[in-house]
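Derivation of every value follows stated rules applied to the coordinates shown; laboratory data play no part. Computed from a predicted model, the values in this text were never measured in an experiment. Note that we place each Cβ from the backbone using ideal geometry, even for glycine, and neighbour counts take in every protein chain shown.
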Amino acid sequence: MCTGIIGVGVLVSAPAVAAPATPSSTASAVGTELSGKTVFLDPGHQGGAHSENLQRQVNDGRGGTKNCQTTGMTTLDGVPEHTINWKVSELVRSSLESLGATVKTSRADDTGWGGCVDDRARAAGESGADVAVSIHADSTSTTTDADKHGFHLIVPTLPIPSAAADAAQSEGGRSASTLMRDSYVRAGFEPANYAGVENGIQERSDVAGPALTTVPLVFVEMGNGSNPDDAALLESSDGQLKHAIAISTGIIDYLLGSDTAEASSAGPATTTAAAPAGAKTTDITVPTATAPSTERSAVEGRSALSGLLESVSPSVESFGVDGLRGLVTPDNVSSVSTFARGLLKQILADR
Ligand SMILES: [Zn+2]
């Protein structure tokens, strides 16, 4: 069983009791790999404790208006999208903060209001983030849809009327979205097979966020809550952790070198292929050979770190079955965050 290297230390260090609500800066050894980088996380939608009018019309970034917000979908088993988005976002936040990044978020909790779509786009721009990530999950039916599944990245149809938004989304936004797609694929997720998605990317002109955001934006639809397999991952703590690792890795790939041409040049990585659920992993191979020989040190660093992070995914699956599930209750996201943070620290210590 694979517990070795990463497992024991991390699991022992995870507190049995949930940490306080502000888990970020109390950790002792925060990494510096992402020092100076700012990430804006936008967990889609909001909690139900508000009295806002969702139908209030706001700027859609294309010369028209649209509803201020929507409530988001609900999975087959009745889990609201806003909660899934929130938990994954918190995991991503703790992962990035453990590497020294500054993380700002569009909403402060999963109970109340979080702003209209235009408010969130404005907040992303004002944050001065190097990259913003809107985290969502999709649905295709109010009943079971066994056929449609998979993740996708929404990118805006270009050009965007706002020159600042167009510049941000045509360059950094496209690059970051492509890297996120690649990260999802390497983590074992399948691109969506519906709604005109091509290779995990869906171009749309009717989503206001990307058309209003003046920093590079990634808009991820993690999966289809109407599909039983996708829903199971979205609803479970270990599934949410898998999504968070894929998202964190995509962000790190972008922040440590946004040259997309190099992103796939590592070739067919030997250890990063997705392990099928339940696959046994007997050790954690550090895929040092996946970095292409190149003169670009930033790219080498990015590839090495990315490879290390990817190598963790099968381990997470193992822990999900054997250890993590016992440690983490569905509502104890703080402990999952601690797990993710500890995992990343261990990875970095082993570099
Ligand atoms: Zn959504």
Note down the magnitude of the dipole of the range 38-256 about its Cα centre, charges +1 on Lys and Arg C-beta and -1 on Asp and Glu C-beta and zero elsewhere, to the nearest 20 debye.
420
Taking θ = phi - 60°, what integer Hz values does the Karplus form 6.51 cos²θ - 1.76 cosθ + 1.60 yield along the range 239-253, in sequence order, with x for Gly and Pro?
x, 5, 5, 4, 4, 5, 5, 4, 5, 4, 5, x, 5, 4, 4
To the nearest 0.05, the calculated FRET efficiency linking A167 and A232 through their beta-carbon distance, R0 being 51 Å, is 0.80
Taking the convex hull of the Cα atoms, report for the range 38-256 its projected area averaged over all directions, in nm².
10.7
Modelled label-to-label distance, R204 and T70, 7 Å Cα→beta-carbon offset: nm?
0.6
In the structure displayed, which of K37/K87; K148/K242; K104/K148; K104/K242 lie more than 28 Å apart, Cα to Cα?
K104/K148
Going by amide H atoms built from the backbone, whose H comes under 5 Å of the H on K104, apart from near neighbours?
V39, F40, L41
Contour minus Cα-Cα distance for R122 and A108 (0.36 nm per residue)
3.4 nm
Calculate one ³J(HN,Hα) per residue across the range 31-45 by plugging θ = phi - 60° into the Karplus curve 6.51 cos²θ - 1.76 cosθ + 1.60, and present them in order as whole Hz with x for glycine and proline.
x, 10, 4, 10, 4, x, 9, 10, 10, 9, 9, 10, x, x, 6
Could you check the simple spin-label distance between E52 and L158, using points 7 Å along Cα→Cβ, in nm with one decimal?
3.0
Picking from S35, Q69, P80, whose Cα lies most toward the positive end of the charge dipole for the range 26-100 (charges on Cβ: Lys, Arg +1; Asp, Glu -1)?
Q69
Long-range amide H partners of V155, meaning residues 5 or more apart or on another chain whose placed amide H is closer than 5 Å, are Q202, E203, R204
Two pseudo-spin positions, 7 Å from Cα along C-beta at A195 and at T143, lie apart in nanometres by 2.1
When the Karplus curve 6.51 cos²θ - 1.76 cosθ + 1.60 is applied with θ = phi - 60°, which whole-Hz ³J(HN,Hα) does each residue of the range 63-71 get, with x for Gly and Pro?
x, x, 10, 7, 4, 4, 7, 10, 7
Report, by chain and number, residues whose modeled amide H sits under 5 Å from the one on S134, excluding near sequence neighbours (fewer than 5 apart, same chain).
D42, V218, F219, V220
